[in-house]
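Inspection log for the structure reproduced underneath, given as structure tokens.
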Amino acid sequence: MGKIICFMGKSSTGKDTVFKRLMMDKELGLCTLVPYTTRPIRDGEKNGVEYFFTNEEEYRKFREAGKIIEERVYDTYYGLWKYFMVDDGRIDLNHKNYGIIGTLEAYNNLRSFFGKERVVPVLIEVDDGLRLQRALDREKAQDFPKYEEMCRRYLADCGDFSEEKVAAAEIGIRFLNEDLEKCIEEIKHYIAALLREGNTR
């Protein structure tokens, strides 16, 4: 039985780096489950890697066809940005395991669609002060920094990943990213054990 490993965390917790490293790990053999978004592409991103970058017209076509698995809409400083998963024929849980970066809300929606036993949470955490410094450093490196949006995301994360919501999602294990290599190794062992368990059922 295939599984979807959902990597989550507040902004600037390092989840993108952890995700990329573990997706390249041949021992785990995870396939990338790429979501769609209507937000603008950022410097260094590639279409079809972090996201499929699309537009409102394409989003409406997916919705009218009943292809959207889960979606979230954020009222950002730059307008409404949509993030969504599409049942586009790429998902084969009978033969493959997948990894995806998502929010707590996305994790809950994926569990509702695919079933609790199929979706595994990997919640990554970092001290909020360090997280804010990382977010600022990353934004300053952009050609056109969007500091207002950075601040909005930072504050929104506090509510999106509140202790009450984490508890309601039944997430019992968390990974502290103070040492990147140690964090990656801990998550790798955790995922590997779950995949072995799934293959023996």
Filter the stretch 1-38 down to the residues that are within 16 Å of Asn109 (Cα to Cα), of a type outside the set (A, V, I, L, M) and part of a strand (DSSP E or B), then identify the one that is most open to solvent (accessible area, probe 1.4 Å). Tyr36
Could you say which residue among Glu117, Glu71, Glu105 is open to solvent by less than 50 Å² (accessible area, probe 1.4 Å) and in contact with a helix residue (DSSP H, G or I) (Cβ under 9 Å, 6 or more places away or on another chain)? Glu71
What is the one condition in (1) surrounded by 15 or more Cβ atoms within 10 Å (Cβ to Cβ); (2) modelled with pLDDT of 90 or more; (3) not small (Gly, Ala, Ser) that Gln133 does not satisfy? (1)
For the stretch 39-68, how many residues are open to solvent by less than 70 Å² (accessible area, probe 1.4 Å) and either assigned to a strand (DSSP E or B) or among the basic types (Lys, Arg) (or both)? 5
Yes/no for Glu197 being touching a residue at least 24 places away in the same chain (Cβ under 8 Å), surrounded by 10 or more Cβ atoms within 10 Å (Cβ to Cβ) and not β-branched (Val, Ile, Thr): no
So which residues in the stretch 138-192 are buried (at least 17 other Cβ atoms within 10 Å of the Cβ) and either among the polar types (S, T, N, Q) or touching a Gly at 6+ places or on another chain (Cβ under 9 Å) (or both), if there are any at all? Asp157, Phe161, Phe175, Asn177, Cys183, Ile191
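The rows are residues; the columns are (1) farther than 25 Å from Arg174 by Cβ; (2) of a type in the set (D, E, K, R).
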position	(1), (2)
Lys46	yes, yes
Val49	yes, no
Glu58	yes, yes
Gly66	yes, no
Val73	yes, no
Tyr78	yes, no
Trp81	yes, no
Ala135	no, no
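Being under 17 Å from Thr17 (Cβ atoms) and not acidic (Asp, Glu) narrows it down to one residue among Leu195, Leu180; which is it?
Values: Leu195 fails: under 17 Å from Thr17 (Cβ atoms).
Of Leu195, Leu180, the one residue that is under 17 Å from Thr17 (Cβ atoms) and not acidic (Asp, Glu) is Leu180.
The values are calculated or read from the model by the stated rules, or taken from the named source; none is laboratory data. The shown structure was predicted, so the numbers you read here are calculated from the model rather than taken from an experiment. As a convention, Cβ positions derive from the backbone with ideal geometry for all residues, glycine included, and neighbour counts pool all protein chains shown. When the accessible area is computed, the model is the full protein with side chains, heavy atoms only, and any ligands, DNA or RNA have been set aside. Shrake-Rupley method; radii C 1.70, N 1.55, O 1.52, S 1.80 Å.
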